[in-house]
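Worksheet: one structure, shown below.
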Amino acid sequence: MMIESMGVLRVVAEAVDAGGGIVPFQIIGFVLAVVGLVFFLGTSVGMVRFPDFYTRMHAAGKGDSLSTMLILSGFALITMEDFSLGSWLLFVKIMGIVLFIYITSPTSSHALMRAAFEDDEMPLEEKDLNKPSKVKK
Amino acid sequence: MIDWFAIIMGSTLFLLMIPMVYRIWVGPTPFDRMLAVNVIGTKTAVLLVIIGTLFDRVDMFVDFAIAYALLNFVSAIVVSRYLNRTISLREMEEREKAKGAKV
C-alpha cells in the first residue's frame, strides 16, 4: 500500500512538474514555515519585554517549541521534491527531529522552571510592578 | 525560488535570535540566560536544516541537526540540575539555621 501510494504521488509530482517548478505541497511547506516564523517573532518579543522569569518562560517554552516544529515540518515538505526512497528517508528523519523536540522542549522548560522555583525565584506580584527599580534590573 | 526562500528564512531567523543575545547579556537570573541559550540552540538546529536546503545536502545536515538538538536538551537538563542542587542545599542549610534560631 505504501509503495502504491508512493507511485501515485510520483505521477502527481511529474504532472505538476511539467507545468511549474513547485509541487503543491511545497506551498503548504512555505505557509507552515512562515507561520512558524511568526510564532518565533512572538517568542523573541516576549523574551525581551516580559518583566518576570516565569512570564519569559511562558513566552519561550510555548513559542519556541511550536515554531521549531512548524518550521521543521515546513522544510520537510519543501525538500520533498521527487518522491524517491531517499527523499522519504529525509522526510522521516526531519519528522524524527520534530518528534524529538516535541518531547524534549517541554521537558527542559519544566526542569529549568523547577530549578528556578527551588532557588526561591518568586513570581512577580502586583505590588512589585509599582516599583520600577526591581523590574528594570 | 526555494533558494531565495531559504535565504530569507535563515536570515530572518538569525535576526530574531538577536533579542535572545540581549537576554543573555542583561538577564537578571542565571535561569534567564539558560533559557535564552536553550532557545538559541533549538533554533540553531532549525537553521542547520535551512542551510542544508540551501546547499542541496539536507541528508548530511539533518544528522548534524539531530546531534545538535540532542546536545541542547542534555545541556539544559544538566545545567538546571546543577543550579538546582548547589543553590538549593545552601538555602536549605540557611533555612535550617533560621528555624533553629527562632525555636
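Note on region A:46-79: among residues that are polar (S, T, N, Q) and in a helix (DSSP H, G or I), the one that is surrounded by the fewest Cβ atoms within 10 Å (Cβ to Cβ) is A:Thr55. The number of residues in region B:17-45 that are farther than 18 Å from A:Val45 by Cβ and not hydroxyl-bearing (Ser, Thr, Tyr) comes to 8.
Looking at B:Asp3, B:Asp63, just one residue is of a type in the set (D, E, K, R) and facing another protein chain (nearest Cβ under 10 Å), and that residue is B:Asp63. Of the residues making up region A:36-59, those that are farther than 15 Å from B:Leu15 by Cβ, in contact with a Pro (Cβ under 8 Å, 6 or more places away or on another chain) and more than 7 Å from every other protein chain (Cβ to nearest Cβ) are A:Asp52, A:Tyr54. Looking across region A:96-123, just one residue is free of Cβ contacts under 8 Å to residues at least 12 places away in the same chain, surrounded by 13 or more Cβ atoms within 10 Å (Cβ to Cβ), closer than 14 Å to B:Val79 by Cα and among the hydroxyl-bearing types (Ser, Thr, Tyr), and that is A:Ser108. Kindly establish whether A:Leu89 is in a helix (DSSP H, G or I), at the interface with chain B (Cβ under 10 Å from one of its Cβ atoms) and touching a helix residue (DSSP H, G or I) at 6+ places or on another chain (Cβ under 9 Å). Spelling it out, A:Leu89 is indeed in a helix (DSSP H, G or I), at the interface with chain B (Cβ under 10 Å from one of its Cβ atoms) and touching a helix residue (DSSP H, G or I) at 6+ places or on another chain (Cβ under 9 Å). From the list B:Phe31, B:Phe14, B:Phe73, the lone residue that is modelled with pLDDT of 90 or more and in contact with a helix residue (DSSP H, G or I) (Cβ under 6 Å, 6 or more places away or on another chain) is B:Phe73. Just one of the listed residues (B:Leu48, B:Leu35) is crowded, with 18+ Cβ neighbours inside 10 Å and more than 7 Å from chain A (Cβ to nearest Cβ), namely B:Leu48.
Conditions (1) surrounded by 17 or more Cβ atoms within 10 Å (Cβ to Cβ); (2) more than 9 Å from every other protein chain (Cβ to nearest Cβ); (3) out of contact with any helix residue (DSSP H, G or I) (no Cβ under 8 Å at 6 or more places or on another chain), marked per residue:
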site: B:Ile8; (1), (2), (3): no, yes, yes
site: B:Val21; (1), (2), (3): no, yes, no
site: B:Thr42; (1), (2), (3): yes, no, no
site: B:Asp59; (1), (2), (3): no, no, no
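Picking from residues in region A:80-95 that are under 17 Å from B:Val49 (Cβ atoms) and of a type outside the set (A, V, I, L, M, F, W, C), the one that is surrounded by the most Cβ atoms within 10 Å (Cβ to Cβ) is A:Lys93.
The values are calculated or read from the model by the stated rules, or taken from the named source; none is laboratory data. It should be emphasised that the depicted structure is a prediction, and the values quoted were computed from it without experimental measurement. Neighbour counts run over all protein chains shown; Cβ positions are idealised from the backbone, glycine included.
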